[in-house]
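J.: Take this structure, written in C-alpha cells, and hold onto it; I'll ask about it next.
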C-alpha cells in the first residue's frame, strides 16, 4: 500500500491532490491513501471562519468547501486529524470521527480506524499544560479565549488512547512528542531553526501526552507537523526490539517539504476506511465520564464498568458486524459557501451531525455534544435544516496566503527575524 503523508495543509487541498497526481504520473504508480497531520481547515462557509483561530483579516475561503458541497470529490481517500488552525465548530460535530466530506475522513478528537488491514490512530490538537486536565467545555459560538482552548489536547482523550492494547501501524499527532529530538539529528534541526535549541534543552519542545502515547503504543510509524520543518527520527523501544519511525513535515507551500510517500505492507486492495472494534469498545466504556464542563473527568468512576472489557468488545463486535464495520455516510449539516450570496444567519450553532447520531445510536450511547459548558445539562438547539435543502454552486477558487498564529510569529521573529 502506498501512503502519502502531508504536514500542515492549511486548507490547500487542491495543491496537495495535484502534487500527488503529478507524482503518480511521473512514477507510473498509484497512491492509496493520504494522511494529513493537522491544520486541515475544513471550512464549509463564511460562518465557519468565526471558529477558525486566525486573525480576522486573514480569514478567507480556500478549497475545502468545494469538496463539502460535492462540486469536487477527493481523488484519494483522505484521513486527517485536527491541529491549531481548524474550523473547530465543524470538528466538534464530528468529535467521535466521521466523513467531513465524501472520501475525506476526520479521525476525531482522538480515534482509531482501519484502512484495509492497516491500523491508524491519531490525536487532534496541540498540548497546553493549563488546559490539559479540563473537560471539553467549549461550545460555539467561541469567544477570543475558547476559539484557542477548544483545540488544546485533553487528558480524557489521551487516556482513551492509552487503553489500546492491539498494535498500531500508524499514529498521527499535530505537535511532536516531547523528547523526539533525542532520536534524530537535533544539531541539524537547530541549525535550521535556532530558536528550537532552548526549548529542546528545557524539554518543552513538543507534547508530553504525545510522548506518553509513543512510549505506550509503540506504533510502526508516527507522523507530525506543526513546527513547519522536516525532521526524521527512529525510536528504539526498550528490549523488545520494536522501532517507531518518526517523521515531521512542513506546511503546504511551494519549495517546502510538506509531502512524503511511503510503502507499507498490507493485504491486497481494494481498501476502505473501517471502524475499529477495540477503539469503539473503549469509546463506549469511557462515554459515561465524558467531561463536558471545565471539571476534569473522574476516571475512578469508570474503573468499575458494568461490562468487563471482553464483554464490551463482544457487544460492540456484534453491532459493527451489522454494518460490516463501515462508517456512516457523509451528510451535510449547513450550507456550503456560495461566492455570490452570503449564508443565512439562522443556521444553528450546534447542528447534530447525522453521522454522530447514528454512531451513538449503534453504540447505545446518548448524544452529549450540545450539553451546557457550565452544568453539563442538555441545551435546546434549533433543528438543523435537511441536507437536501442546501444547493451547491459553481465557483472558482479564491487563492489566499498562508498565515501562522500571529502570536507565534511575533515570538519567533523576536528571536529569529528570518523565520517563515
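J.: Which of 141, 348, 270 moves the most in a Gaussian network model of the chain with Cα springs under 10 Å?
T.: Comparing 141, 348, 270 in a Gaussian network model of the chain, the most mobile one is 270.
J.: Tell me, what is the FRET efficiency for residue 166 and residue 314 to the nearest 0.05, using R0 = 22 angstrom and their Cβ-Cβ distance as r?
T.: The formula returns an efficiency of 0.90 here.
J.: Okay, next question. Identify which of 156, 95, 183 has the largest mean-square fluctuation in a Gaussian network model of the chain, with springs joining Cα atoms closer than 10 Å.
T.: 183
J.: Give me the percent relative contact order of the chain, please, defined on Cα pairs under 8 angstrom at least 6 residues apart. Don't skip to the end; give the middle numbers.
T.: On the way: 862 pairs, mean separation 83.6, N = 420.
RCO, the chain: 20 percent.
J.: Between segment 50-99 and segment 182-249, what is the separation of their alpha carbon centroids in Å?
T.: For segment 50-99 versus segment 182-249, the Cα centre distance is 27 Å.
J.: Between [x] 21.1; [y] 21.9; [z] 23.3, which entry matches Kirkwood radius over Cα pairs in Å as derived from the coordinates of this structure?
T.: Correct label, based on the coordinates given: [y].
J.: Let me ask something else. Out of all DSSP beta bridges with both ends in the chain, state the antiparallel percent to the nearest 5. Don't skip to the end; give the middle numbers.
T.: Details: 27 of 51 bridges.
Roughly 55 percent of the DSSP beta bridges within the chain come out antiparallel.
J.: Shifting gears a bit: Relative contact order for segment 267-378: what is it in percent, counting Cα pairs under 8 Å that are at least 6 residues apart? Intermediate results must be reported in sequence, preceding the final value.
T.: Numbers: 76 pairs, mean separation 37.3, N = 112.
Dividing the mean separation by the residue count of segment 267-378 yields 33 percent.
J.: Please report 358, 242, 124, 63 as a ranked list, fewest other C-beta atoms within 10 angstrom at the top and most at the bottom. Please report the intermediate quantities before stating the final value.
T.: On the way: 358 16, 242 13, 124 28, 63 22.
Ascending Cβ contact count within 10 Å gives the list 242, 358, 63, 124.
J.: A further question follows. Running a GNM on the chain with Cα contacts under 10 Å, which residue among 60, 321, 86 ends up with the highest mean-square fluctuation?
T.: Evaluated over the chain, the most mobile residue of the options is 321.
J.: Okay, moving on. I want to check the label-to-label distance for residue 237 and residue 60. Put each point 7 Å from Cα in the C-beta direction and report it in nm to one decimal.
T.: 4.4 nm
Laboratory data are not the source of any read-out in this text; all were calculated from the coordinates shown. The structure displayed is predicted, hence computed values, not measured ones. Using ideal geometry, Cβ is built from the backbone for each residue, glycine included, and neighbour counts are taken over all protein chains shown.
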